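Student: Structure incoming, see below.
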Amino acid sequence: MSLKREIAFVLNGVRTRATVPVEMSALAMLREVVGLTGTKYACGEGECGACTIIVDGLSTCSCLMFAVDCEDRDLTTIEGLARDPLGEKLERAFVECGAVQCGFCTPGIVVQAKHWLEAHPHPTRAEIQRGIEGNLCRCTGYVKIVDAIEMASRNDA
Amino acid sequence: MKVIEKDTLIGKRIAKLDAPEKASGKTRYVHDLDLPGQLYGRILRSTRVHARIRRIDVSKARALPGVHAVLTAADVPYQRPLGVGKDQLPLKGDKVRSRRDEIAAVAADSEEIAAAALALIEVEYEDLPPLTDPAEALKPGAPVIHDENLPPPAAHEALKPGAPGDAEAHRHNVAMTFDYAQGDVAVGEAESDIVVDDWFRLHYVTHCCMGVSGIIAEFGPSGNLTLYSNTQVPFLHKREFAEILGMDPGRIRIIQPPIGGGFGSKLDIYPFEPICVFLAKATDRPVKLVFSREEEFVASPTRQPVLLRLRSGAKKDGTLTFRTCETLHDNGAYTSWGATTPFVMMQTISSLYRVPHCKYHTTAVYTNNPYAGSFRGYGNLQATFAVEQHMDKLAAALGLDPLEMRLKNAQDPGETTPQGMQFKTCGLKDCLTTAAAASHWREKHHAAIAAQKTPGRLKRGVGMASMLHVGGGAKIYPSDGCGTILKIDDFAHLTLMTGASEIGQGSETVLAQLVCEELGLPLDAVTVVNNDTDITPWDVGVHASRTTFIGGNSAIGAARKAKTKILAAAAKLTGLPEVELELRGGHIVRAATGEALMSLAKLLRSLHFSDKAELVMTTNYYEPPSHHQDKEFKGDVSAAYAWATQVVEVEVDTETGVVRLVKVTAAHDVGRVLNRLGIEGQIEGGIVMGQGYAITEELIVEDGVVRNPGFRDYKLVTAPEIPEMDIHFIETMDGEGPQGAKGVGEAPAICMAAATANAICNATGVRIYELPFTPEKVYRALHRAKAPGGTG
């Protein structure tokens, strides 16, 4: 139905090509074209953070970005954090601290936390709360999410 | 000699079993599943709040390439009414009664084609006078919402009392009514030294599950239907689907992929679910139907909005004398669980404190507004908001400290209330004193009163509220039970098949923990299967804070049966009496010394590969010892009751009306802590959900239209806004509870709005009877300013 374009980018360290409709979001491309479903749709308008990915080092709501704008960029999704030392540390901390309930917001918050901790390696709790203010969670009341990010920020974690 | 010390899992901080896959993004929710050959379903909803449908033309939509089916009511003559009130068909053919109403549905090769097809459907309406103010619904000449003759439900078992209204009631816009009485309120009023009487207005909020609603329906070659569903009540759903579709329930299988939040929203069946099945049937292809967030706001249920009048009296010494409560429930266009919240509301009115005389009435009226479902707390947030403000008002009028007022009237263990609830354990007084001490209640409360008249922009105050909620299931359905199947393989690995659903609350982990505790096994020796009606035994569903209590007791029973069998076999092999043996650390041990006699795996193999050739497989069905209420709503409806007190400290900016939650001190009678990590998470999450209800959230419905269907304008609490939380557990060790535990899922959200109202009053001297406490509302209350164009 619609005009398509072939684009090339780096996804979780792997050179990737994808053919996408020009109106498709980066979120839809990840989920429907590439087949990585860890990045979630929960609002589609950049309000909840469930679709957070890292694009060229910046955390981004993938629902607000066109797929075609991923051309020549470096993308990291939750699936890419499994082999990243800080990402792995964060995932373990989220499990141990009880930061996961239904889990739907979790990948977006883990990605946001990874991005944010790299810029703020020794945060206070209040700073962590500000760091994830763009991510909504309906289950946990955020306390244990902050615990987890705090734990992951410690060198001994 | 190898010695294994006695150890316990109870009360430990145990990580959720499903957390690693969720934290790494590997969990596949319904949104993440695709079946081969799958089509995409979309629903056309009404653009009017109340209208007759004169004509629907789907010919252009049907002609669009990539469209496999376009259905209207005319295409599914076999559809039957659904939901609690059985007062709506999935696809509406004659008339629409709210903006969410489903008129047509499309199945197409892609979401985009389905959306394009919807845009090609032509609908001609004849508008009818709208009814969007519940207060108008009962007036003579009001528009009638339900004037139709629906086909009778296939097997309608009316809930009595509190049953949905009949056609005659519907002609007067009455969906349901509830009446309860104890004692004689006239006598109580005559004995009163003080009487307070107020109206309270409770608003619309909605669940905002992060995972939007969705379903996949697929018919197999033999006509069997498989549903990938987010339901909280798979076994009730199975039966209801069978009724709506005219199918044999035995041919329906419900698989529940992990659920992105429930909170009560998935307790009823909604039109989109059978509509997806109609599309799958029409196309003979799997069909996936997932909401957009906007659709989720418009077409999923809300919390029940309530207009409530409460009249309460007390003697000079603070003893409560009577309560009269009348409510008007805006039922919306159709009847779901929201209309039945009086079941819970009247318990708080009658039994949170000792009140000799009580009268309760609810009328739930039809309007053209969105309809309310069940939502964590189930009417109790609304009832507690009124009751706990009145406790403070009475205390203030009598010159008593609100804490003393509550302690004076608090229930004790061993009491049976006039409504028939038996409090075998009751930690209310401990909750009150614990929360008060930890929050420095007396000092802060008195200091705030003294500071009310002093100058200063920022005012601090504390407020308390307590709550009573079912904590041992609720006998609403014919059975309140849960089944368990347990099998242990040759390597001492357990498979726990339970009817209890995991919706993020952590039941999977707590059930595994309880079984391991009985059998002396580590948690990694368990696989929990809890999401497939073809495998798991019956359970009534995730509601009424019941899963740990009911599912837990069921699992423990199955484990004990297995243990009996294992120890009998071990006694034969070791020549020791069974009472001298125990299971610890995957071994059979001497109970007295902990000496390991043999591994459990070895014992199981010797049972299996012997002349007896036995496997250890057990089943158990647990039905709590609770009772259905009688026609007067009396009866011991739960096997245990949960209690809590929360003290909220606020800071009110008197120049902007902004209310900041500084700290919440919560004391909860939970029976016993099973998984400390999990229960803290439930309470923290409930507190913040209650904070949203109190301060930030409101679904704005004007003339039947939701005006803020998105997170930009519907304000959920974010991480920087949460209060400091100080949580205390009162362990009353309930005799019927699994390891002494009671339910806690709903409790933490219930007190927050009431306690916040009391705290604002303590800080400023101004009491507000209407939620939410937005800056605008608080500012107006403080400055007695009127809303533009209104009477506020």
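The values are calculated or read from the model by the stated rules, or taken from the named source; none is laboratory data. Note that the structure is predicted; figures quoted are calculated from it, not measured. Here the Cβ is made from the backbone with ideal geometry for all residues, glycine too, and neighbour counts use every protein chain on show. To get the accessible areas, we keep the full protein, side chains included, count just its heavy atoms, and leave off ligands, DNA and RNA. Shrake-Rupley method; radii C 1.70, N 1.55, O 1.52, S 1.80 Å.
Student: If you go through the stretch B:190-215 one residue at a time, how many are of a type in the set (V, I, T) and away from chain A (no Cβ under 14 Å)? Give the derivation first.
Tutor: In the first step, residues of the stretch B:190-215 are kept if they are of a type in the set (V, I, T); the result is B:194-196, B:205-206, B:212, B:215.
If we keep only those that are away from chain A (no Cβ under 14 Å) too, we end up with B:194-196, B:215.
Adding up the residues that qualify gives 4.
Student: Within the stretch A:29-42, count every residue that is open to solvent by less than 30 Å² (accessible area, probe 1.4 Å) and more than 9 Å from every other protein chain (Cβ to nearest Cβ).
Tutor: Narrowing the stretch A:29-42 to residues open to solvent by less than 30 Å² (accessible area, probe 1.4 Å): A:29-30, A:37-40, A:42.
With more than 9 Å from every other protein chain (Cβ to nearest Cβ) added as a condition, the list becomes A:29-30.
Going through the stretch A:29-42 one residue at a time, the tally reaches 2.
Student: Sticking with this structure for a sec: Take the stretch A:126-144 and flag every residue that is at the interface with chain B (Cβ under 7 Å from one of its Cβ atoms) and in a helix (DSSP H, G or I).
Tutor: Answer for the stretch A:126-144, where residues must be at the interface with chain B (Cβ under 7 Å from one of its Cβ atoms) and in a helix (DSSP H, G or I): A:Q129, A:R130, A:V143, A:K144.
Student: Hey, among the residues in the stretch B:167-190 that are surrounded by fewer than 15 Cβ atoms within 10 Å (Cβ to Cβ) and part of a loop (DSSP other than H, G, I, E, B), which one's modelled with the lowest pLDDT? So that I can check it myself, show each step before the final result.
Tutor: Taking the stretch B:167-190 as the starting set, the residues that turn out to be surrounded by fewer than 15 Cβ atoms within 10 Å (Cβ to Cβ) are B:167-168, B:171, B:184, B:186-187, B:190.
Of the ones still in play, those that are also part of a loop (DSSP other than H, G, I, E, B) are B:171, B:184.
Numbers: B:R171: 87, B:D184: 98.
Here the residue is B:R171.
Student: Against the definition (in contact with a helix residue (DSSP H, G or I) (Cβ under 8 Å, 6 or more places away or on another chain) and open to solvent by less than 10 Å² (accessible area, probe 1.4 Å)), how does B:L523 come out, yes or no?
Tutor: On the way: in contact with a helix residue (DSSP H, G or I) (Cβ under 8 Å, 6 or more places away or on another chain): yes; open to solvent by less than 10 Å² (accessible area, probe 1.4 Å): no.
For B:L523, the condition - in contact with a helix residue (DSSP H, G or I) (Cβ under 8 Å, 6 or more places away or on another chain) and open to solvent by less than 10 Å² (accessible area, probe 1.4 Å) - is not met.
Student: Within the stretch B:119-143, how many residues turn out to be hydrophobic (A, V, I, L, M, F, W, C) and surrounded by fewer than 19 Cβ atoms within 10 Å (Cβ to Cβ)?
Tutor: Within the stretch B:119-143, the subset hydrophobic (A, V, I, L, M, F, W, C) is B:119-121, B:123, B:128, B:131, B:135, B:137-138, B:142.
Narrowing further to those that are surrounded by fewer than 19 Cβ atoms within 10 Å (Cβ to Cβ): B:119-120, B:135, B:138, B:142.
The qualifying residues number 5.
Student: Additional query: Do you know which residues across the stretch B:718-740 are in contact with a Ser or Thr (Cβ under 6 Å, 6 or more places away or on another chain) and buried (at least 21 other Cβ atoms within 10 Å of the Cβ)?
Tutor: As a first pass, look at the stretch B:718-740 and keep what is in contact with a Ser or Thr (Cβ under 6 Å, 6 or more places away or on another chain): B:726, B:728, B:732, B:734.
Result: B:T732, B:D734.
Student: Residues that are more than 14 Å from chain A (Cβ to nearest Cβ): list the strands (runs of 3 or more DSSP E) wholly contained in the stretch B:236-317 that include at least 3 such residues. Before the answer, list the steps.
Tutor: Numbers: elements: B:252-255, B:287-290, B:306-314.
Correct list: B:252-255, B:306-314.
Student: Need the failing condition index for B:S351 against (1) surrounded by 24 or more Cβ atoms within 10 Å (Cβ to Cβ); (2) assigned by TED's automatic domain parsing to the domain that holds B:Y714, just the number.
Tutor: If we test B:S351 against (1) surrounded by 24 or more Cβ atoms within 10 Å (Cβ to Cβ); (2) assigned by TED's automatic domain parsing to the domain that holds B:Y714, just (1) comes out false.
Student: Please count how many residues of the stretch A:92-125 are buried (at least 24 other Cβ atoms within 10 Å of the Cβ), at the interface with chain B (Cβ under 8 Å from one of its Cβ atoms) and not hydrophobic (A, V, I, L, M, F, W, C).
Tutor: So the count comes out to 5.
Student: Also, I was wondering about something else. Could you grab me the full set of residues in the stretch A:43-57 that are open to solvent by 20 Å² or more (accessible area, probe 1.4 Å) and facing chain B (nearest Cβ under 7 Å)?
Tutor: Here is the first cut: in the stretch A:43-57, the residues open to solvent by 20 Å² or more (accessible area, probe 1.4 Å) are A:44-47, A:56-57.
Of everything in the stretch A:43-57, those that are open to solvent by 20 Å² or more (accessible area, probe 1.4 Å) and facing chain B (nearest Cβ under 7 Å) turn out to be A:G44, A:E45, A:E47.
Student: Shifting gears a bit: Are there any strands (runs of 3 or more DSSP E) wholly within the stretch B:424-502 with 3 or more residues that are not assigned by TED's automatic domain parsing to the domain that holds B:E651, and if so which? Give the steps one after another, and end with the answer.
Tutor: Details: elements: B:458-470, B:482-488, B:494-498.
Because the criterion is at least 3 residues that are not assigned by TED's automatic domain parsing to the domain that holds B:E651, the strands (runs of 3 or more DSSP E) in the stretch B:424-502 that meet it are B:482-488, B:494-498.
Student: Which pairs do you get when a residue that is over 18 Å from A:T39 (Cα atoms), found in the stretch A:16-28, comes within reach of a residue that is hydrophobic (A, V, I, L, M, F, W, C) and assigned to a strand (DSSP E or B), reach meaning Cβ atoms under 9 angstrom, with the pair 6+ apart or on two chains?
Tutor: Listed by first residue and then by second, the contacts come to A:R17/A:I7; A:R17/A:A8; A:R17/A:F9; A:T19/A:I7; A:V22/A:F66; A:E23/A:F66.
Student: So which of B:G681, B:G635 is on the phi > 0 side of the Ramachandran plot and in contact with a Ser or Thr (Cβ under 9 Å, 6 or more places away or on another chain)?
Tutor: On the way: B:G681 fails: on the phi > 0 side of the Ramachandran plot.
Within the list B:G681, B:G635, the selection yields B:G635.
Student: Here's a follow-up. I'd like the full set of residues that are open to solvent by less than 10 Å² (accessible area, probe 1.4 Å), in contact with a Phe, Trp or Tyr (Cβ under 7 Å, 6 or more places away or on another chain) and among the basic types (K, R), limited to the stretch B:295-344.
Tutor: Result: B:R303, single match.
Student: Name the strands (runs of 3 or more DSSP E) wholly within the stretch B:48-115 that hold at least 1 residues that are modelled with pLDDT under 95?
Tutor: Working: elements: B:51-57, B:67-72, B:102-108.
Strands (runs of 3 or more DSSP E) meeting the threshold: none at all.
Student: Determine whether the stretch B:546-559 contains at least one residue that is more than 21 Å from the chain's Cα centre (by Cα), surrounded by fewer than 22 Cβ atoms within 10 Å (Cβ to Cβ) and either small (G, A, S) or not assigned by TED's automatic domain parsing to the domain that holds B:V744 (or both).
Tutor: yes
Student: Would you confirm, using the coordinates I've provided, whether B:E578 is among the acidic types (D, E) and more than 36 Å from the chain's Cα centre (by Cα)?
Tutor: Working: among the acidic types (D, E): yes; more than 36 Å from the chain's Cα centre (by Cα): yes.
Taking the combined requirement at face value, the residue satisfies it.
Student: Based on this model, can you work out whether B:T72 counts as of a type outside the set (K, R), more than 10 Å from chain A (Cβ to nearest Cβ), in contact (Cβ under 8 Å) with a residue 24 or more places away in the chain and closer than 30 Å to A:V95 by Cβ? Please lay out each step first, then the result.
Tutor: Numbers: of a type outside the set (K, R): yes; more than 10 Å from chain A (Cβ to nearest Cβ): yes; in contact (Cβ under 8 Å) with a residue 24 or more places away in the chain: yes; closer than 30 Å to A:V95 by Cβ: no.
So B:T72 fails the test.
Student: Inside the stretch B:687-728, can you point out the residues that are in contact (Cβ under 8 Å) with a residue 60 or more places away in the chain, of a type in the set (G, A, S) and not in a loop (DSSP other than H, G, I, E, B)?
Tutor: Hits for the stretch B:687-728 are B:G690, B:G692, B:A694.
Student: Of the residues in the stretch B:675-713, how many are open to solvent by 10 Å² or more (accessible area, probe 1.4 Å) and more than 10 Å from chain A (Cβ to nearest Cβ)?
Tutor: So the count comes out to 11.
Student: For B:L519, state whether it is more than 14 Å from chain A (Cβ to nearest Cβ), without any contact (Cβ under 8 Å) to a residue 60 or more places away in the chain and more than 23 Å from the chain's Cα centre (by Cα).
Tutor: On the way: more than 14 Å from chain A (Cβ to nearest Cβ): yes; without any contact (Cβ under 8 Å) to a residue 60 or more places away in the chain: no; more than 23 Å from the chain's Cα centre (by Cα): yes.
Against the criterion (more than 14 Å from chain A (Cβ to nearest Cβ), without any contact (Cβ under 8 Å) to a residue 60 or more places away in the chain and more than 23 Å from the chain's Cα centre (by Cα)), B:L519 does not qualify.
Student: Also: Can A:A67 be described as in contact with a strand residue (DSSP E or B) (Cβ under 9 Å, 6 or more places away or on another chain), crowded, with 23+ Cβ neighbours inside 10 Å and more than 10 Å from chain B (Cβ to nearest Cβ)?
Tutor: Values: in contact with a strand residue (DSSP E or B) (Cβ under 9 Å, 6 or more places away or on another chain): yes; crowded, with 23+ Cβ neighbours inside 10 Å: yes; more than 10 Å from chain B (Cβ to nearest Cβ): yes.
When the stated conditions are applied, A:A67 passes them.
Student: Return the residue satisfying two criteria in turn: it lies in the stretch B:221-248 and is open to solvent by 20 Å² or more (accessible area, probe 1.4 Å) and of a type in the set (S, T, Y), and of such residues it is nearest to B:V30 (Cα to Cα).
Tutor: B:Y228
Student: Tell me, please, whether a residue that is surrounded by 20 or more Cβ atoms within 10 Å (Cβ to Cβ), more than 10 Å from every other protein chain (Cβ to nearest Cβ) and within 14 Å of the chain's Cα centre (by Cα) can be found in the stretch A:75-87.
Tutor: Keep residues of the stretch A:75-87 that are surrounded by 20 or more Cβ atoms within 10 Å (Cβ to Cβ), which gives A:75-81, A:87.
With the extra rule that they be more than 10 Å from every other protein chain (Cβ to nearest Cβ), the set shrinks to A:75-76.
Applying the additional criterion that residues be within 14 Å of the chain's Cα centre (by Cα) yields A:75-76.
The answer is yes; a qualifying residue exists.
Here is a yes/no grid of residues against (1) in a strand (DSSP E or B); (2) under 30 Å from B:V579 (Cα atoms); (3) of a type in the set (S, T, N, Q); (4) not assigned by TED's automatic domain parsing to the domain that holds B:D430:
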position: B:A592; (1), (2), (3), (4): no, yes, no, yes
position: B:V648; (1), (2), (3), (4): yes, no, no, no
position: B:E655; (1), (2), (3), (4): no, no, no, no
position: B:G671; (1), (2), (3), (4): no, yes, no, no
position: B:G685; (1), (2), (3), (4): no, no, no, no
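Student: Follow-up question, since we're still on this one. If only one of B:D532, B:D539 is under 15 Å from B:T231 (Cβ atoms) and surrounded by fewer than 21 Cβ atoms within 10 Å (Cβ to Cβ), which one is it? Let's see the steps before the verdict.
Tutor: Numbers: B:D539 fails: surrounded by fewer than 21 Cβ atoms within 10 Å (Cβ to Cβ).
Sole residue among the options that is under 15 Å from B:T231 (Cβ atoms) and surrounded by fewer than 21 Cβ atoms within 10 Å (Cβ to Cβ): B:D532.
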